[in-house]
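Asks: Take a look at the following structure, please.
The values are calculated or read from the model by the stated rules, or taken from the named source; none is laboratory data. Not measured: the values here are computed from a predicted model. Cβ coordinates were reconstructed from backbone atoms using ideal geometry, including for glycine residues, and neighbour counts include every protein chain displayed. SASA here: full protein model, heavy atoms, side chains in, ligands and nucleic acids out. Shrake-Rupley method; radii C 1.70, N 1.55, O 1.52, S 1.80 Å.
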Amino acid sequence: MEELVNPDNLVELDIRALMFGWDVHERHALMSSVEIAVAVPERVQRLLMTAKNLVIYSCFHYPFNMVAAQTAFSAIELAVRLRSEAECITGRVRGLHDAMQRAIDKKWITDDETLGHSRLQQQVFNPETGFTYIDLTAVEQYVEVLGKVFPQYRNALAHGNGIMDNLGASMVLDVNRIVNQIFHKAPLTSVVL
């Protein structure tokens with residue numbers, strides 16, 4: 001059960017972070033391993049940086065790990081909305097699923113080296129069965145898997161599923177790579193910063 005943090009214990013590592021071998025230096029190095037591209041608008045950068053800092057602070061309060069993922073997913077939605085506006089693409093993007101699908105359909109995100117997916121298998125969340133592993137080469141492209149997994153995971157977090165896993169950092173880094181791709185070939189002069 002979560003408890004209100006005692007101010008005297010504010011900088012003590014959360015026992016769950018210790019179980020995973022996390023510390024602030026390791027989490028900081030991990031979050032620093034993927035830069036936010038200069039082309040990413042400031043509003044999106046703020047969301048990504050908040051998500052990265054939440055991953056670091058999750059060493060002290062483990063649930064920040066899931067809040068970090070949720071914040072990062074908001075960055076994708078905003079990124080797609082801003083890129084759509086820049087290209088005068090009409091039609092509302094309703095939620096993360098629509099945002100991911102638009103980015104995939106418009107080829108703003110693709111399976112290439114910038115997504116850094118050297119995994120042969122991907123852990124996939126299913127609200128009914130939990131986490132499972134699938135072979136990416138046998139099923140579909142990595143961005144298509146993320147286009148399905150991210151909205152399911154986000155919805156589980158947003159609607160009180162109570163997920164307490166350690167995937168926040170990897171999701172934040174994947175989102176960082178996706179957002180970088182969304183703005184990689186964007187018409188810079190028309191994207192609202």
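Asks: Do you know which of the residues in the stretch 1-19 that are open to solvent by 60 Å² or more (accessible area, probe 1.4 Å) and acidic (Asp, Glu) is nearest to the chain's Cα centre (by Cα)?
Replies: Filtering the stretch 1-19 for residues that are open to solvent by 60 Å² or more (accessible area, probe 1.4 Å) and acidic (Asp, Glu), the one nearest to the chain's Cα centre (by Cα) comes out as Glu2.
Asks: Within the stretch 1-19, work out how many residues are in contact (Cβ under 8 Å) with a residue 12 or more places away in the chain and outside any helix (DSSP H, G or I).
Replies: Residues meeting the conditions: 7.
So that you can scan it fast, the table gives a plain yes or no per residue for (1) modelled with pLDDT under 85; (2) within 26 Å of Asp14 (Cβ to Cβ); (3) part of a loop (DSSP other than H, G, I, E, B):
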position	(1), (2), (3)
Ala75	no, yes, no
Gln101	no, no, no
Tyr133	yes, no, no
Leu173	no, yes, no
Leu193	yes, no, yes
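Asks: Related question: Look through the stretch 20-62, keep the residues that are assigned to a helix (DSSP H, G or I) and of a type in the set (D, E, K, R), and return whichever of them is surrounded by the fewest Cβ atoms within 10 Å (Cβ to Cβ). Spell out the reasoning first.
Replies: To start, the set of residues in the stretch 20-62 that are assigned to a helix (DSSP H, G or I) comprises 20, 24-32, 42-57.
Cutting the leftovers down to of a type in the set (D, E, K, R) gives us 26-27, 42-43, 46, 52.
Values: Glu26: 15, Arg27: 21, Glu42: 9, Arg43: 14, Arg46: 14, Lys52: 25.
Filtering first and then ranking leaves Glu42.
Asks: Could you tell me how many of the residues in the stretch 63-98 are open to solvent by 10 Å² or more (accessible area, probe 1.4 Å) and of a type in the set (A, V, I, L, M, F, W, C)? Give the derivation first.
Replies: The initial filter retains those residues of the stretch 63-98 that are open to solvent by 10 Å² or more (accessible area, probe 1.4 Å), namely 63-64, 66-67, 70-71, 74, 77-78, 81, 83, 85-95, 97-98.
Still in the running and of a type in the set (A, V, I, L, M, F, W, C): 64, 66-67, 78, 86, 88-89, 93.
Within the stretch 63-98, residues that are open to solvent by 10 Å² or more (accessible area, probe 1.4 Å) and of a type in the set (A, V, I, L, M, F, W, C) number 8.
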